[in-house]
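A short reminder: the numbers here are calculations on the coordinates, not readings from a lab. Quick caveat: nothing in here was measured; it's all calculated off a predicted structure. Note that each Cβ is placed from the backbone with ideal geometry, even for glycine, and that neighbours are counted across all protein chains shown.
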Amino acid sequence: MDALWGEQFKQVVDSALAEDLGWGDVTTQALITADEVATAYLVAKGDGVLAGLSVATAVFHRVDSALKVEELVSDGSTVHLGDRLAVIKGLVASILGAERVALNFLQRLSGIATETAKYVEAVSGTKALITDTRKTTPGLRILEKYAVRVGGGHNHRQNLGDGILIKDNHLVVLQSRGEGIGEAIRKARQQTPHTPKVEIEVESVEQAREALSAGADIIMLDNMNLDDMKLVVGLAQGRALIEASGGITLDNVRAVAETGVDLISIGALTHSVKALDISLELEM
């Protein structure tokens, strides 16, 4: 997690604090004296996989560098109802000022790690890797993709410059010019350095055949049925990585993995995940 503590990470934390604390904490200012101190605990209110504890610690320290934070467990740990995750000691006003932002990060990232771990477990024993997508909360991608890794998943593209992915809307434009999948792949290779892999999204077996013939490195099967997935895997024979995407749930991910695909990308890991319930409990 230390590698995330760069300028981009600081901006994310500072933006969240400015949103919540930018006008001050009028309730605490009215009720709590400036010198009152306490001990607080971060406590799990449900079962899951922890992610983002160092982010929460960074929030407390950003509000008040004198706060003492002891992390009692580590990211990637399985936690249970009632488990204490960290202890914070220092000024009450500082603890309360950081509380909500710290919990917001910790709960969301732990929810992502927890959901990812469920998918990873569901495909255990197959060769398929669970990956995320770019369907992330604006401004939080660096953290949400970290949480996917904590849950045992893998990261797809970090951004639009991180790899070539020819999607349906690209093909709409090319097809309007009379150009097909093969031409799209050839142009992508000609216009970019040799290092990025070329991935293309297809919706049919016939399109997958064309992509294989044109030398695509990765072929994404968009909302394809299981029989067609198996057929494409057989056609590829290792010449390209095969990725399944669209309509993947915990109920069907095992069946998708058993078709032999290499990758399964799931937007729901980040775009609609349920936060893990975690609270801060203060003791005087």
- Query: What are the extents of the Cα atoms of the range 35-146 along their three principal axes, listed from largest to smallest and rounded to whole Å?
  - Reply: 57, 30, 17
- Query: To one decimal place, what orientation-averaged projected area in nm² is obtained for the convex hull of the Cα set of the range 122-271?
  - Reply: 9.1 nm²
- Query: Net charge near residue 41, counting Lys/Arg +1 and Asp/Glu -1 over other residues with Cβ under 11 Å of its Cβ?
  - Reply: -2
- Full-stretch length increase - residue 137, residue 160 - with 0.36 nm per residue and alpha-carbon distance subtracted: 6.7 nm
- So what's the back-of-envelope 222 nm ellipticity for the chain, counting only DSSP H runs of four-plus at -39500 (n - 2.57) apiece and dividing by all residues, rounded to 500? -13000 deg cm²/dmol
- About its Cα centre, the chain carries a charge dipole, from +1 on Lys and Arg Cβ atoms and -1 on Asp and Glu Cβ atoms, whose size in debye to the nearest 20 is 700 debye
- Local charge sum around residue 62 (other residues, Cβ-Cβ under 14 Å, Lys/Arg +1, Asp/Glu -1)? -4
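Any idea what the alpha-carbon Rg over 2.2 N^0.38 Å comes to for the range 221-284?
Numbers: Rg = 17.7 Å, N = 64, 2.2 N^0.38 = 10.7 Å.
Taking the Cα Rg and dividing by 2.2 N^0.38 Å, one obtains 1.65.
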- Item | Test item: Cα-centred dipole of the range 122-271, Lys/Arg +1 and Asp/Glu -1 on Cβ, debye | 520 debye
- Task: Multiply the residue gap between residue 169 and residue 84 by 0.36 nm, knock off their C-alpha separation, and tell me the result in nm, one decimal place.
- Result: 25.8 nm
- Message: Projecting each Cα onto the charge dipole of the chain (Lys/Arg +1, Asp/Glu -1 at the beta carbon, about the Cα centre), which of 37, 107, 178 comes out farthest on the positive side?
- Response: 178
- How do 142-153, 185-196, 107-118, 244-255 rank on mean C-beta neighbours within 10 Å, highest first? 107-118, 142-153, 244-255, 185-196
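Which pairs in the list 45/145; 118/197; 68/145; 89/274 are over 26 Å apart, alpha-carbon to alpha-carbon?
On the way: 45/145 24 Å; 118/197 29 Å; 68/145 28 Å; 89/274 29 Å.
As for pairs spanning more than 26 Å Cα to Cα, those are 118/197; 68/145; 89/274.
Please compute the length gained on full extension between residue 239 and residue 30, using 0.36 nm multiplied by the number of residues separating them and subtracting their Cα-Cα distance. Walk me through the numbers on the way to the answer.
Working: separation 209, 0.36 × 209 = 75.24 nm, distance 6.72 nm.
68.5 nm is the gain from fully extending residue 239 to residue 30.
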- Query: So what's Rg/Rh here for the chain, counting alpha carbon atoms and using the Kirkwood radius for Rh?
  - Reply: 1.09
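Report the calculated FRET efficiency for residue 21 and residue 251 (r = Cβ-Cβ distance, R0 = 45 Å), to the nearest 0.05.
Numbers: r = 42 Å, r/R0 = 0.93.
The formula returns an efficiency of 0.60 here.
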